[in-house]
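Below: one structure, written as structure tokens.
Each value in this text was obtained by applying a stated rule to the coordinates, not by laboratory testing. Here the structure is a predicted model, which means the values were calculated and not measured. Every residue, glycine among them, receives a Cβ derived from its backbone with ideal geometry; neighbour counts consider all protein chains shown.
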Amino acid sequence: MWQVFFEENQWIFGYGLNLIACESIDDGKLERITTGASIFGGAGKRIDAIMRSKGLISSMLFCEIKTHETELLAKVPYRSGVYQASKELGGGVAQVQKTVNKAQQLIAREFLDRIYEDDGTPIEVGLSTTRPRQVVVIGSLQEFIQNGAVNPAQLSSFELYRTSIQDVEIITFDELYQRACSIVADR
């Protein structure tokens, strides 16, 4: 369900604090295989969305998409008032990091920033693979509302976790929705 929505609304990933518009790599699908048999050379590692910024030279964005119902934090506190990231959130961050790392190694070692069609035809797109943007779309902040109020221990645990992760933007589905509403309202 979410994969189809994001395929049809790719612009959502291009607006953040950096205000850089993004699009699919080659007018194809967002979900692609990135290492092994891939757009970088030929079965391999799959990412939910790989995109490029719009510009003279494009930078890359890799996105791992979970669902709006995926838990952000473990249900039971680790210690009093301290909640750890859920297995799915930690796994999503690790997954996007590993995918980017493997893709960067493969591109730098073998393909010199060229992208290829599935049949091996090169696509003339200049890409910068220096620190690609990494995004995990997961869960909802609604998880932290209990009895009509925000649980401050859960919210602060989540915010501390996501702001401590270097190179990966963690955004919830409700935040992504509000960002999209703001963008559309400004049009």
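Summary table below
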item: Extended-chain gain in nm, criterion 0.36 nm per residue less alpha-carbon gap, LEU160 and GLU71; result: 30.4 nm
item: Normalised per residue, the volume of the convex hull around the Cα set of the range 138-187 (Å³); result: 90 Å³
item: Segments 161-169, 81-89, 62-70, 132-140 sorted - mean Cβ within 10 Å per residue, highest first; result: 132-140, 62-70, 81-89, 161-169
